[in-house]
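See below for the structure under consideration.
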Amino acid sequence: MKFAFTLATLAAVVTFVSADVAIDLGTAADFTVVCVGGIINTGGSGPIIGNVATTGHNISGFPPGAITGDIEERTDAADQAHSDAEAVWNMLRALEGTQVVSTEDGTIVVTKGMGDADGNGTTNVTGAVFTPGIYNVFSILHVVTNITLDGEGQYIFTTGSHFDLDANASIILTNGAKASDVFFASGDSTNLLAGASVAGTILSNSAIRLAAGASVLGNLYTQGLMTFTEASVTPVVTPTD
């Protein structure tokens with residue numbers, strides 16, 4: 001079972017102005033990681049700072065990986081945290097903002113490829129700069145190098161399919177942008193290759209995979225399996241008003 005979902009021009013600096021969306025993760029905010037498919041660690045991952053919860057399969061590989069907080073496996077608390085995260089995922093995916101499309105300077109390139117059932121193409125991003133707003137990617141969001149989030153305010157990205165970062169790609173925050181104001185709502189899996197880093201909370205409809213040296217400054221919620229390989233997660237305090 002996956003999150004039951006609903007889904008919705010720009011230049012080198014992508015600009016969209018909107019009022020902040022009220023996001024309340026409920027009890028999910030008490031956990032750094034919430035998943036259904038279990039958590040698997042390979043190698044010395046960690047630390048995963050904070051509490052983790054799974055409603056389905058077991059948590060394995062800790063140790064040698066490190067979790068600093070409590071572990072909830074198939075408990076009422078885990079079920080409630082998953083339900084609260086699912087509600088936020090559905091709410092975010094219903095938001096309509098700016099459609100992310102090709103730019104003349106090549107920082108955003110949309111290409112057709114395998115897995116694009118709706119013909120929207122993979123959205124490849126290389127060094128694009130975004131200002132606060134809501135952004136819709138209709139298929140795969142593939143970060144080739146970096147995305148820079150520029151300025152104080154809320155950033156919400158929704159994807160029709162995967163959210164992928166190449167090796168050593170990053171989500172960079174500048175000029176007052178904060179990880180607690182950044183959200184990625186992925187329509188399928190989320191994949192961080194070796195050394196990739198994300199600032200922001202990820203809500204994924206399928207598996208989340210962090211390869212060797214990958215890191216997240218944010219929280220992770222998935223309807224699928226969570227896998228770590230020499231990776232780390234540090235939570236952020238998510239505003240509820």
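Bear in mind these aren't lab numbers, they're just calculated from the coordinates by the rules spelled out. Worth saying up front: this structure is predicted, and the values here are computed from it rather than measured. All Cβ positions, glycine included, derive from the backbone under ideal geometry; neighbour counts span all protein chains shown.
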Checklist entry - Summing -39500 (n - 2.57) over the DSSP H runs of n ≥ 4 in the chain and dividing by its residue number, what mean residue ellipticity at 222 nm do you reach, to the nearest 500 deg cm²/dmol? => result -2500 deg cm²/dmol
Checklist entry - Over the Cα atoms of segment 45-155, how large are the radius of gyration and the largest Cα-Cα distance (Dmax), in Å? => result 18.5, 51
Checklist outcome for this item: Quick numbers on segment 153-226, Rg and Dmax over C-alpha atoms in Å, give 11.4, 35
Checklist entry - Expressed in nm to one decimal, what extension gain is obtained for the pair residue 66 and residue 21 from 0.36 nm per residue of sequence separation less their Cα-Cα distance? => result 12.8 nm
Checklist entry - With r defined as the distance between the Cβ atoms of residue 101 and residue 194 and R0 fixed at 41 Å, what FRET efficiency is calculated, to the nearest 0.05? => result 0.90
Checklist entry - Under a Cβ-Cβ cut-off of 11 Å, what is the net charge of the residues other than residue 173 that fall near it, where Lys and Arg count +1 and Asp and Glu count -1? => result -2
Checklist outcome for this item: In nanometres, the difference between 0.36 nm per residue of separation and the alpha-carbon distance of residue 111 and residue 90 is 4.9 nm
Item to check | Cα pair distances of segment 103-241 binned at 10 Å [whole percent] | outcome: 13, 46, 35, 6, 0
Item to check | Sequence of 216, 88, 144, 34 once ranked by neighbouring C-beta atoms within 10 Å, starting from the fewest | outcome: 144, 88, 216, 34
Checklist entry - Just one of (i) 61, 49, 41; (ii) 48, 37, 35; (iii) 62, 42, 36 is Cα extents along the principal axes in Å as worked out from the coordinates here. Which one is it? => result (ii)
